[in-house]
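Just below is one structure, and these are the notes that go with it.
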Amino acid sequence: MGYDIATLLRDSHRFAIESIWSRRHGEIAAVVSTTRLRNIAGRYVGKDDPVALIRTQKIFPATEEFGPPFALAPFVAGDTRGSHHMPLMPVRANTQASSFFCVPMVCALAFSLKEGKLSEPVDLFADPVWDAVRAKVVEKAQEMRRQGFYGPAMLPMEELEYTGIAERLKELAREFT
């Protein structure tokens, strides 16, 4: 069965982006360090927090075109015990995890490549414009948490990263009739 790109991006629980190539130039535009470890091993085997390298400029999007998709604060799988849908928060590099919902976070460092050497990094999400986005993420996270631990707030059973949760739920099921 063939899939179009919209289906692949819609079903993030089934598909992961490994790399993106330019059809026209045959050059790699992006590469991600890991796919879903659970899908490879058949069970939860540890964090699969990816690192992505994205090329910008010349035949690729401009550097300033990289950030706006993160301003959408999309809901992604993650958060506490990898079992919730929460908005993705663009954060400054080295931001500590919050005890307030543990929203999934993403940071971005930009480098220039000149004569085979990388420049010092520039923190793309350190710009004050991202403070408004982060405030929006907190609002979206609070609203999702108001849903409780069911429905759209939670991942489907087959997506729970920590098998301990699924096992505990099975044990609890025996307690009810």
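Working only within region 106-133, note down all residues that are without any contact (Cβ under 8 Å) to a residue 12 or more places away in the chain and within 24 Å of residue 74 (Cβ to Cβ). Lay out the reasoning, then the answer.
Let us first name the residues in region 106-133 that are without any contact (Cβ under 8 Å) to a residue 12 or more places away in the chain, namely 111-120, 127-129, 131-132.
Matches in region 106-133: 127, 128, 129, 131, 132.
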Subject >> Condition broken by residue 12, with the remaining ones in (1) modelled with pLDDT under 65; (2) of a type in the set (Gly, Ala, Ser); (3) loosely packed, with under 11 Cβ neighbours inside 10 Å satisfied >> reply: (3)
Original post:
Out of all the residues in region 120-143, is one or more among the charged types (D, E, K, R), surrounded by fewer than 11 Cβ atoms within 10 Å (Cβ to Cβ) and within 19 Å of residue 62 (Cβ to Cβ)?
Top reply: no
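Taking residue 117 as the residue in question, decide whether it is within 30 Å of residue 152 (Cα to Cα), surrounded by fewer than 16 Cβ atoms within 10 Å (Cβ to Cβ) and basic (Lys, Arg). Even if it seems obvious, please write down each step before you answer.
Working: within 30 Å of residue 152 (Cα to Cα): no; surrounded by fewer than 16 Cβ atoms within 10 Å (Cβ to Cβ): yes; basic (Lys, Arg): yes.
In short, no.
Keeping to region 63-77, report how many residues are under 13 Å from residue 88 (Cβ atoms) and not aliphatic (A, V, I, L, M).
Step one: filter region 63-77 for residues under 13 Å from residue 88 (Cβ atoms), giving 67, 69-77.
Those still in the list that are not aliphatic (A, V, I, L, M) too: 67, 69-70, 74-75.
Final tally of qualifying residues: 5.
Output the residues belonging to region 77-96 that are within 13 Å of the chain's Cα centre (by Cα) and either in a loop (DSSP other than H, G, I, E, B) or at pLDDT 85 or above (or both). Let's see the steps before the verdict.
Residues of region 77-96 within 13 Å of the chain's Cα centre (by Cα): 77-79, 82, 84-91.
Within region 77-96, 79, 86, 87, 88, 89, 90, 91 meet the criteria.
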**OP:** Would you mind telling me which numbered condition in (1) at pLDDT 85 or above; (2) over 15 Å from the mean Cα position of the chain (by Cα); (3) not in a helix (DSSP H, G or I) residue 143 fails?
**Re:** (3)
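The values are calculated or read from the model by the stated rules, or taken from the named source; none is laboratory data. From a predicted model like this one, the values you see are computed outputs, not experimental measurements. Note that we place each Cβ from the backbone using ideal geometry, even for glycine, and neighbour counts take in every protein chain shown.
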